[in-house]
Amino acid sequence: MSKHPDRAAWFEGGDAKCDVSPSPRGHVYRLVLLGPPGVGKGTQAELLCKALGTCHLSTGDVFRAAQCQTDHSPALKAALEAMRRGELVSDDLVVSMVSERSGCLSCSGGFLLDGFPRTAAQAEALNELLEQQGVGLDAVLSYELPLSEIVDRLSGRRTCSKCKAVFHVTARPPQKEEVCDLCGGQLIQREDDRPESSRVRMQAYEESTKPLADYYQKTGLLVPIRAEGSPETILERSRDALLALAVSSKI
Ligand code: AP5
């Protein structure tokens, strides 16, 4: 049995198949989640996947899973080192990693892409992959939050060292300090959440990823969402925005 039965194709790539396919509730959604590090994309992806019956495709999760393996190729070793410093992994490596998993883009359950694309070159590559798979995007949900709140979310995040579940010291505290509610694993701070790496990540976001909002605005796909409030409030805003798109027949 795969470690990720429902996302084996995404985590393992190649010929790996998911044991459990997502079951869409109504429309099959194909979405990109955009936003600064720590804005809450992963948290929203988890909630949206449950609500829409789709699949969470995070490039960061694939790299973090690779961190736990040994025997890294020189390219992957360089990528993981860049990640620790808070820098972006090279476009070549990210695009080839997503290309290897491009079957996930035409999955009958749809998808939520989280953390890809992150540069103009990756956005172009995604267009090509979608075209090859014969599918298109419904929308790009762009989460927006003042910097002070982003810093608070990043610095307070704790991640389970075993199952990778995400907590927050005040907003989503575990029942027992530093212990995962789900598997009892130890909660740790992600290496790239340390202040020096977080600063580099914010800079990379400003320089390379933020301009993608303009790019998707021009294509008519951009849907800005305020990311203040509880995760459930933001989920409601996201669902309302998707409903509005459906009513205006954009999807
Ligand atoms: P990635 O994993 O994609 O990280 P990220 O985009 O920086 O996003 P985060 O995971 O930090 O935050 P999030 O927005 O998901 O927030 P979360 O929901 O956890 O990428 C990591 C690295 O991998 C990159 O730096 C790069 O090196 C590499 N990489 C990945 N993809 C790449 C690509 N395409 N190209 C190049 N390099 C790539 O929430 C944060 C905290 O806030 C949590 O503690 C959570 O509990 C809390 N929280 C969430 N919502 C709320 C709320 N509403 N109220 C209060 N607290 C909340």
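Things to note:
- For F63, the solvent-accessible surface with a 1.4 Å probe is about 20 Å², rounded to the nearest 10.
- Set of lysines near K210 by C-alpha distance (under 16 Å), chain-local residues within fewer than 8 positions excluded: K41, K218
- Under Karplus coefficients 6.51, -1.76 and 1.60, residue-wise ³J(HN,Hα) of segment 43-58 in Hz, glycine/proline x: 5, 5, 4, 4, 5, 5, 4, 5, 6, 9, x, 10, 10, 8, 10, 10
- Across segment 46-140, the relative contact order, built from alpha-carbon pairs under 8 Å that are at least six residues apart, equals 35 percent.
- Looking at the chain, the DSSP beta bridges with both ends there are about 35 percent antiparallel.
- Lysines whose Cα lies under 19 Å from that of K176, excluding same-chain neighbours fewer than 8 positions away: K162, K164
- Centre-to-centre, using Cα atoms only, segment 97-139 and segment 208-248 are separated by 18 Å.
- Contact order, relative form, for the chain: 24 percent (alpha carbon pairs under 8 Å, 6 or more residues apart, mean separation divided by residue count).
- Seen from all directions on average, segment 146-193 presents a Cα convex hull projection of 3.2 nm².
- Shape of segment 29-149, Cα gyration tensor, a/c cut at 1.5: oblate
- For segment 63-207, the alpha-carbon radius of gyration amounts to 1.17 times the rule-of-thumb value 2.2 N^0.38 Å expected for a compact globular protein.
- Two-decimal ratio, the chain, of alpha-carbon radius of gyration to 2.2 N^0.38 Å: 0.97
- ³J(HN,Hα) computed for each position of segment 208-219 - Karplus, 6.51 cos²θ - 1.76 cosθ + 1.60, integer Hz, glycine/proline x: 10, 9, 4, x, 5, 4, 5, 4, 7, 4, 5, 7
- Modelled this way, with points 7 Å down the Cα-to-C-beta line, the labels at Q189 and Q175 are 2.7 nm from one another.
The values are calculated or read from the model by the stated rules, or taken from the named source; none is laboratory data. None of these values were measured; they are calculated from a predicted model. Because the Cβ atoms are built from the backbone with ideal geometry, glycine has one as well, and the counts that use them run over all protein chains shown. Just the protein is used for accessible areas: all its heavy atoms, side chains included, with ligands, DNA and RNA removed. Shrake-Rupley method; radii C 1.70, N 1.55, O 1.52, S 1.80 Å.
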